[in-house]
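Only one structure is covered here, and it is reproduced in the block below.
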There are 2 protein chains.
Amino acid sequence: MRVGILGGGQLGLMLAESIQHLGHQALVYERDADSPCHQRLASVTTGTLEDTPRLQSFLQQVDVVTFDSENIPAAPLEPFAAKLFPSLQVLQTCQDRLAEKRFLSANGFSPVDFAWVDEGAPVLATAEKLGFPCVAKTIRGGYDGKGQTRLNGYEDAVRYDRKRQTLDSAPALVLESFVELLAEVSCVVARDASGAIWPFPVFENIHRNHILDFTLVPARLEQNHQTQALTMAGDIAQALQVVGLLTVEFFLAKSADRTPKLLVNELAPRTHNSGHVTRAACQLSQFDALARILTGTPMCRPTLRTGGYCMGQLLGDLWPSVAGALEATPLVQSSQLSELYLYGKTEARPGRKMGHFIVEAGCGDDALNVAQQLRNTVPSPK
Amino acid sequence: MRVGILGGGQLGLMLAESIQHLGHQALVYERDADSPCHQRLASVTTGTLEDTPRLQSFLQQVDVVTFDSENIPAAPLEPFAAKLFPSLQVLQTCQDRLAEKRFLSANGFSPVDFAWVDEGAPVLATAEKLGFPCVAKTIRGGYDGKGQTRLNGYEDAVRYDRKRQTLDSAPALVLESFVELLAEVSCVVARDASGAIWPFPVFENIHRNHILDFTLVPARLEQNHQTQALTMAGDIAQALQVVGLLTVEFFLAKSADRTPKLLVNELAPRTHNSGHVTRAACQLSQFDALARILTGTPMCRPTLRTGGYCMGQLLGDLWPSVAGALEATPLVQSSQLSELYLYGKTEARPGRKMGHFIVEAGCGDDALNVAQQLRNTVPSPK
């Protein structure tokens, strides 16, 4: 089979490898001629998603196609909707923060309390009604904290509106109640064409500056919350009729009655950076799972290996040290290192994901400690 | 760094992936334009090893170079000897069965008893002196039992000599005493540029028709034999001054005094098909280890994960079923499956290695049983 992937970053690259390992062909479509996939894989087409003739000629060549980001235009995919997994409808729901929250709300999946502000309209009245503090988020295109602003009170909202007035077209927004986090977790579930759900274990995520920093399994979370998260993730995948992967990001939040409460933060109908940990922690990775579904290969149950695992990101901030002196650090020599995977990105920008590593230890907590200690051995660039 | 690999089969492909994961470039040189590497990787040059200008232009482009088979001509590599890992001298010793045995013998590494027969000379006298049964093997180019003939007694030798007389140039041979096998094991050791030895665990190999069929770890072998094998493999790598990987294949043989005896069968200065099992069984695979040495990345100790692991080959004999109906078999759906890796070879010949799978279980024996049962679920082609 010829499997198309829209996007040639690290998620596309690792998926392509899994597709190849099953004996099938992976064909990538990517704008940046210097992408990880361009540098490493045989079949990469350079083109933008806006270049409809080029994109459509690519889509004609493949049997099925998926994407490594939900922030892509849906219209040019419409003639090829039958080849797209997950479906165009799933893509459209998950690329629109408001549509996603309305879907969650309508189906009883407890998103964070939210409201919305139309294009060009001021936020103040809506924010006051929702309550401060709250977070204003663009409806499309945000990731890693981009397009988000925290509004602590009346004055922040007034200032924010003043800025909105200066814009030619102030974008529509979602306002979310600010929640006090006890933990952030994510669940990746695979759903195959028969409708069967194959959950991965719950991942606990630690962010820094809104960017995923560490993911550990088993998550340090009470069993009832783990069960609740897995059940909800499976139910959401079912309600959306996903064929492929769905990643559900949750907040474990403090609530008014002091009982921790699990709230859905957002959905990603694809592999997820938190899921890298499955490459070592499970006998089947998130990439293997999606590759199976795309190629019609029957799934097998992803099981968590014994012990604990922690994935640490290597970001562009650290890159001058990583690229120049990683060899001299204990990170690379640790016998607890399960995987060191650098993505081959040529330009290192602060916050850009350049690679990851995974450590194994006796439990999730130990794995996190080891991962943090090891990453601290990489010197901060001057 | 730009790392060259001579050979684009499955060993070259998996090595290239490991080099890429460390953030370096893998450049492959391979004759067959339809090879696994051609189909999957970005940088593959099509050319024969006999096409010296083309080969040398490839060698000029890379910083270091290795090979996925020792059966390659050494002469065109000479001007680039400084880039070659393991060295030209290691390659030349291991590609000549007689030179290899003389080296082993001279250094006290107990090869199987052997003698040699010059080009064009008859085997009878030498075979009688060595004793029957014995095995005649070509000095160059044999693998998977190719170029081997068992001589059970006087009549076999006479018949063999009669055939040799009809040849224009009957090749030089090594004769080996036939040994009764209790087990076949292999050790892969990495030796880095500083001379440090990094052994992988001992693998137990099960062959069928002289072709590797299953590899399991931990090997079902007494601890003293395991230690002896690992020590000897390290000592051989040291004596040869290997910088890279060395695979040592051993026979555990019945001896005259009924004490099992460990004998060296042969050497391969490269990754080995038995080493695939390290992809799941160890936190660092044989490919990762060689990639580290080639790129000057410090090594970390390869450790065996808890439990047992078994790698099973998927050969061309089975291919019509694998390619057509693998999806319908329990093999692909087993939750004990750690890896399923198909090499993307387009032509399936009997005995050709088309892919492998690895299962995890409580111990090596269980893993072997599960692997055998699972592979038996793949129907034999009509």
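For the reader, a short list of remarks on this structure follows.
- Based on Cα contacts under 8 Å between residues 6+ apart, the stretch A:1-89 shows a relative contact order of 31 percent.
- Of the peptides B:96-105, B:346-355, the order by per-residue mean of other Cβ atoms within 10 Å, starting with the highest, comes out as B:96-105, B:346-355.
- For chain A, built as a Gaussian network whose Cα springs stay under 10 Å, the top-fluctuating residue of A:SER35, A:SER177, A:SER169: A:SER169
- Remark: the stretch B:38-115 is approximated by an ellipsoid whose semi-axes, taken from the C-alpha gyration tensor as √(5λ), come to 30, 13, 11 Å, largest first.
- Low-density loop positions, GluC sites (Glu not before Pro), the stretch A:160-259 - DSSP coil, at most 11 other Cβ in 10 Å: A:GLU180, A:GLU222
- Of the residues A:TRP198, A:TRP319, A:TRP116, the one with the largest accessible area comes first in the ranking A:TRP116, A:TRP198, A:TRP319, computed with a 1.4 Å probe on protein heavy atoms.
- Solvent-accessible area buried by B and A, counting both chains, probe 1.4 angstrom, square angstrom: 2900
- Note on A:ASN107 and B:ALA328: with the Förster distance fixed at 51 Å, the Cβ-Cβ geometry gives a FRET efficiency of about 0.90.
- Between the stretch A:209-272 and the stretch A:23-69, the alpha-carbon center distance in angstrom: 30
- Other-copy label distances relative to A:GLY195, 7 angstrom Cα-Cβ extension, nm: 6.8
- Rounded to the nearest 500, the helix-only mean residue ellipticity at 222 nm of the protein assembly as shown stands at -9000 deg cm²/dmol, with each DSSP H run of n ≥ 4 adding -39,500 (n - 2.57).
- Evaluated at q = 0.18, 0.27, 0.30 Å⁻¹, a Debye calculation over the C-alpha positions of the stretch A:326-373 (equal weights, vacuum) places log10 I(q)/I(0) at -0.63, -1.05, -1.13.
- When the other protein chains are added to the chain by itself, burial of at least 40 square angstrom of heavy-atom accessible area (probe 1.4 Å, ligands and nucleic acids ignored) affects these residues of the stretch B:247-289: B:GLN283.
- Probe 1.4 Å, accessible area per residue of the protein assembly as shown, Å²: 39
- Put a dot 7 Å past the Cα of A:GLU78, heading toward its Cβ, do the same for B:THR377, and the two dots end up 4.4 nm apart.
- Here the simple spin-label model places points 7 Å from the Cα toward Cβ, and for B:GLN223 and A:GLU347 these points are separated by 5.8 nm.
- Cβ-defined net charge surrounding A:PRO86, 9 Å radius [Lys, Arg +1; Asp, Glu -1]: +2
- The residues neighbouring A:VAL332, those whose beta-carbon lies less than 14 Å from its own, together hold a net charge of -1 under the Lys/Arg +1, Asp/Glu -1 convention.
- Each residue, B:ARG301 and A:GLN241, gets one label point 7 Å from its Cα in the Cβ direction; the gap between the two is 5.6 nm.
- Shortest first, A:ARG349 label-point distances to identical copies amount to 5.1 nm, with the label point at 7 Å from Cα along Cα→Cβ.
- Peptide B:300-307 shows a mean partner chain C-beta count of 3 within 10 Å per residue C-beta.
- Across the stretch B:69-206, Cα pairs under 8 Å and at least six residues apart give a relative contact order of 22 percent.
- Whole-percent carbon and sulfur share, accessible surface of the protein assembly as shown, 1.4 Å: 48
- For chain B, averaging the sequence separation of C-alpha pairs within contact (under 8 Å, six or more residues apart) and dividing by the residue count gives a relative contact order of 15 percent.
- Sequence-ordered 3J(HN,Hα) estimates for the stretch B:214-221 from the Karplus curve with 6.51, -1.76 and 1.60 and θ = phi - 60° stand at 9, 10, 10, 9, x, 5, 8, 9 Hz, glycine and proline given as x.
- Kirkwood analysis of the Cα pair distances in the stretch A:1-85 returns a hydrodynamic radius of 12.5 Å.
- Distances between copies at A:VAL158, taken between label points 7 Å from Cα along the C-beta direction, are 11.5 nm in increasing order.
- Charged neighbours of B:GLU347, selected by a Cβ distance under 10 Å, balance to +1 (K, R count +1; D, E count -1).
- Heavy-atom accessible area, 1.4 Å probe, ligands and nucleic acids excluded: residues of the stretch A:330-344 down by at least 40 Å² from chain alone: A:VAL332, A:GLN333, A:SER335, A:LEU340, A:LEU342
- Using Cβ point charges alone (K and R +1, D and E -1), the dipole size of the stretch B:205-329 about the Cα centre works out to roughly 240 debye.
- Computing Rg and the Kirkwood Rh from the Cα coordinates of the protein assembly as shown gives a ratio, Rg/Rh, of 1.03.
- Residues of the stretch A:32-54 buried by at least 50 Å² on assembly (accessible area, 1.4 Å probe, chain alone as reference): A:ARG40, A:ALA42
- A Gaussian network model of chain B, with springs between Cα atoms under 10 Å, assigns the largest mean-square fluctuation among B:THR227, B:THR138, B:THR166 to B:THR166.
- Around the Cα centre of the stretch B:282-382, unit charges on the Cβ atoms of Lys, Arg, Asp and Glu (plus for the first two, minus for the last two) sum to a dipole of about 300 debye.
- The stretch A:82-175 gives an Rg/Rh value of 1.02, both radii derived from C-alpha positions and Rh following Kirkwood.
- Descending semi-axes in whole angstrom, ellipsoid equivalent of the stretch B:219-267, from the Cα gyration tensor: 22, 11, 9
- Accessible-area ranking of A:SER255, B:SER380, largest first, probe 1.4 Å: B:SER380, A:SER255
- More than 13 angstrom apart: percent of Cα pairs within the stretch A:164-233: 74
- Cα Rg, Dmax (largest Cα-Cα span) when computed across chain A, Å: 20.7, 59
The values are calculated or read from the model by the stated rules, or taken from the named source; none is laboratory data. Note that the structure is a prediction, hence the values are computed from the model and not measured. Here the Cβ is made from the backbone with ideal geometry for all residues, glycine too, and neighbour counts use every protein chain on show. To get the accessible areas, we keep the full protein, side chains included, count just its heavy atoms, and leave off ligands, DNA and RNA. Shrake-Rupley method; radii C 1.70, N 1.55, O 1.52, S 1.80 Å.
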